[in-house]
Structure formats: C-alpha cells, structure tokens
Amino acid sequence: MFNQEETSSFDFWDTVQTGEEHFSSSAEAKVKEKVKLGDNVYDLEIVYDSSEKQIYSLLYRNHHLVSSQYVAVLSSEKDFGLNYQLQQNLKREEENLIASWNLREKINLSGTASEHNCLGLFFLDKGLDHEAAEQFEHALKKSPPLSDTYKNLSLVYLRKGVPHKALELLEAGVRLNPGFADLRNSLGWVYLECQKRKEAIEQFNMALELNRNYAEVFLNLTLWYLQESANHPENSQALTQAIKYLKKALTLDPEFILPKDKISEWEEVSKLYLILKNRVAQKDTSHIKATCELYLLRFFYDQANLTQKSWQYFLMELREKIESGYDFPDLRNYLGLGYWYYTSFFLEKSRSILKSDRFGKKLKNLATLNLEVIESLKKQLEKIQSRWER
C-alpha cells in the first residue's frame, strides 16, 4: 500500500467518448485540409463555434468524424485575427498527423514496446482506433507485462462496442500485473458497465488497497453504493457507504467546499457525485500527454521535419497548460524534457559554427575553447537525460 504524489488525471470511462458532442452547427468560420496517408483519407477542419466562442479541431477518417477537440489559443496568438488562429492550428494539426504516420512506419520497423504504446496514445486521443489498436497490439507482443497498454487497448474495444474483448484484455492485464491499481480500477468500471456488480466492487476494493488516496476509485465506489441503494431502498447501509466514499473523494479536492448541512439524502449524494465526477473529467490531461509523447518521439525519429517553430509552440502550449491549473509532476517532467531537447537544437547549431574553418588566427583558439565548453555541456545534459523517466 502506498500514497501517490498527485499526478494528472486520466478518467477511464470519459476517454471512451469520441467527443462528437463538441461539434456544433453554429460554426461561423472554418478552414480545412485533406491528407491522404496510405489507403486512408483524413480530413482536418478547424472551426470557430460562435455560440460557444471556442475553436474546435475536427478529424474525419475516410469521411467519418472520429474526433472533435477544443483548441486553446496561445496567449501569443490572441491579438491576431481569427483567420490567422484557424490557419495556424490547421498547419499544426496537419503537421502532427503526417508526423504520426511517418513515425508509425519507423516504429513498426524497429520501435520498442514503450514507443508503440506512446504512439498509440496519440492515435487514441485523435479517435483513430484502428491505428491505435495496431500500436498497442505491437506493444503487447514485444512486452506482455506493459501494464498501461492493456488499459489503452481496452479503451479501443469499448469505443468499438465490444466490451467482452475489453474485459478479456483487462483480466489478462490484472493477472500479469496484480499490483497495478489503475488496471484494477479500469477492470472494475467495465465490470460495472457489464452489470457484474460483485466483480466490480472486488476490483475497486483491491485498487483502494493498492492506493489509499485514489480519488477515482472513491467516486466509483460512491456510484456502486448509490446504485445499490436505488435498487434496494430497504438497505440503509448502502447509502451510508456511498456518503462515506463521497466524503473521502471530496477531501482529495482542496478547492471543493463541503456543504455545511449534513449530507443524508440520496439525491444530495447523487448531485455531489455528478459535480465531483465532472470536476475530475475537467482535469483530464490525456490530450496534452498524448501530444507530449508525439513530440518526444518526433525528437528521436523525425528531427529533420521538426522545426524550431513547432517545438516552440509545443513548449508554450504545455507551459500555459501547467500555468492554467494543471500543475502536475508528470506534466512538469514533460516540460523539463522539452526544454532539454530544445536546448540540444541550439547546442548542435553552436557546435557546427564553432567547428567552422572560417575563424581567423586570433579567434581560432577562443573558438576551440568555446567548443570544449559546448561539448562538456552536451555530455552533462546527456547524463541528466538518462536520469529522467519518460
């Protein structure tokens, strides 16, 4: 049993949704691009929804809408016109989509299980279930104990409407990784969706034994007991248990103020559960984490096509996300890695300049000394990189 440092949240069931509810017919401005990759045609659209005053990115695969995502406008672009903002986001979405396809070819040839899983996360975030499943399956073949991949691939099966396959996968994952709380929680949720209530609560309780401060498990147990109370009104203990777990979940949200009045009615508990569940969903960072993984993969496999401007945008987007209230250790780690890789761009430029033969006699010795400093700095940064977990 252990207490985890707070990390960015990943709401298992919410990620199953395609996000199509974001699409609105009130879009007043739109830019689009068609990209053919392999046998598939991908249509990208960046639209401005006038009713919500928000920008959304829509992705179609072979003319079927697969994802619709809110796009945050960078502070550096807010003073530009709407058309500029739409065009810039379209360029970035197109670049990332093409890059992901190029990465797919390279990683399928020689990638590690972790790299397959990371690329699969990007495809999953974009609603590209076929492409995501391919990467997750490769990851499991290369490294069966890779815990996260079981959960990720099960999401694909759930979105495809085959929960029995998701169950089989999660059960296999739990057998291989019995001490992984996230897997047990995910398995419990799918059991609950499949009306296997006894199995569901067993998994939730086991997940809680592994992580005593697991907010999502507290919420799932709240829901389990709320359903039990609704199905068996004579069982007063069910509502008592629902209140107990709801309060435990509330204590983990420092920004939430507990009601002054005593919580005692089913409707009150249900309302607070929905409010807190929505707050957890709003803190979901799976989208930005998927983007982070894509850029780290691009740094290793696609540097020739990774421009300084693209990397700058990625760092600004991640930094502003953290500053807007998503200050989690894993996102800070991504940002630290991002700045390290960004630094390496300039180190390489500096090395190539200092190695030039175009220095005069007076500056040649100084250039040589500076080159030694650059080489030493590069080695030190490489040592730091090896200590950081991706």
For the pair D79 and Y342, the simple spin-label estimate (label points 7 Å beyond Cα toward Cβ) gives in nm 1.9 nm
Going by Cα centres, region 171-199 and region 302-355 are how many Å apart?
37 Å
With a cut-off of 8 Å between alpha carbons and a minimum separation of six or more residues, what is the relative contact order of the chain in percent?
15 percent
Between N62 and C194, what FRET efficiency follows from the Cβ-Cβ distance if R0 is 41 Å, with the result rounded to 0.05?
0.85
At 10 °C in a medium of viscosity 1.306 mPa s, the chain has a Stokes-Einstein diffusion coefficient, with Rh taken as the Kirkwood radius over alpha carbon pairs, in µm² per second, of 68 µm²/s
Where labels lie 7 Å past Cα in the beta-carbon direction, separation of A281 and Q312 in nm:
3.8 nm
State, as an integer percentage, the relative contact order of region 253-385 based on alpha-carbon contacts under 8 Å between residues 6 or more apart.
17 percent
Could you rank the peptides 120-128, 83-91 by their average count of other C-beta atoms within 10 Å per residue, with the highest value first?
120-128, 83-91
Protection proxy ranking of 211-220, 270-279 - average other beta-carbon atoms within 10 Å, highest first
211-220, 270-279
Cβ-based charge dipole, the chain, positive-most Cα from N40, A249, V156
N40
Label I98 and Y70 with points 7 Å out from Cα along Cα→Cβ: what is the distance between them in nm?
3.0 nm
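Each value in this text was obtained by applying a stated rule to the coordinates, not by laboratory testing. Note that the structure is a prediction, hence the values are computed from the model and not measured. FYI the Cβ positions are ideal-geometry reconstructions off the backbone, even for glycines, and counts take in every protein chain you see.
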